[in-house]
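The values are calculated or read from the model by the stated rules, or taken from the named source; none is laboratory data. What you see is a predicted model; the values in this text were computed from it and never measured. Methodologically, a virtual Cβ is constructed for each residue, glycine included, from the backbone with ideal geometry; neighbour enumeration extends over all protein chains shown.
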Amino acid sequence: MPRHRSSSSTPSLQKGAGSLAAWAQVTLPLAALRDAALLSRRMWEVAQRVLPAALLGGVQPGRWQEGVWSLTASSSAVAAKLSQFKPTLLRDLQAGGFAVRDIRIRVQPREQRRAAAPQSPSQEPSCPSSVQARLRALLAKTDSAAR
């Protein structure tokens, strides 16, 4: 007779708001992406204290991978100014206990700038869009494999 896991040991994987959180707990790639997104968010909180307010509107936190944190600038002018703050950011992040070796600054392509919706100031920042896209792709892959 086949043995089945009890439903109490496995999170509910129903479709809806809680399904992504449940998958993240049981799937290693999703858990790693979630952890990287949370780390990027915590590092962004430090960066917001370092960067001038006028510069913050043109910078978005990005991917964290193997000691390298990516920041996305809205223009080459913002990227140039951001690069001046790179040594200070690295020092403050390392002093805060983050194992960051480098900060990569990227300029957002113009097509994506027009397509990006402005975020309201009262809204909490979400995880980086690159992480969201990878999560959606992995979730779609597991949904199609389950069928």
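Determine which single condition Val68 fails, assuming it passes every other condition in (1) within 24 Å of Ala133 (Cβ to Cβ); (2) surrounded by 16 or more Cβ atoms within 10 Å (Cβ to Cβ).
Failed condition: (2).
On the basis of being modelled with pLDDT of 85 or more and either surrounded by fewer than 17 Cβ atoms within 10 Å (Cβ to Cβ) or closer than 16 Å to Arg134 by Cα (or both), does Ser75 make the cut?
It is true that Ser75 is modelled with pLDDT of 85 or more and either surrounded by fewer than 17 Cβ atoms within 10 Å (Cβ to Cβ) or closer than 16 Å to Arg134 by Cα (or both).
Is it the case that Lys81 is modelled with pLDDT of 80 or more and either surrounded by 11 or more Cβ atoms within 10 Å (Cβ to Cβ) or of a type in the set (A, V, I, L, M, F, W, C) (or both)?
Considered against the rule, which asks whether it is modelled with pLDDT of 80 or more and either surrounded by 11 or more Cβ atoms within 10 Å (Cβ to Cβ) or of a type in the set (A, V, I, L, M, F, W, C) (or both), Lys81 comes out as yes.
So which of Arg91, Arg49, Arg101 ends up being modelled with pLDDT of 90 or more, out of contact with any Leu (no Cβ under 7 Å at 6 or more places or on another chain), surrounded by fewer than 18 Cβ atoms within 10 Å (Cβ to Cβ) and within 26 Å of Ala32 (Cβ to Cβ)?
When all the criteria are applied, what remains is Arg101.
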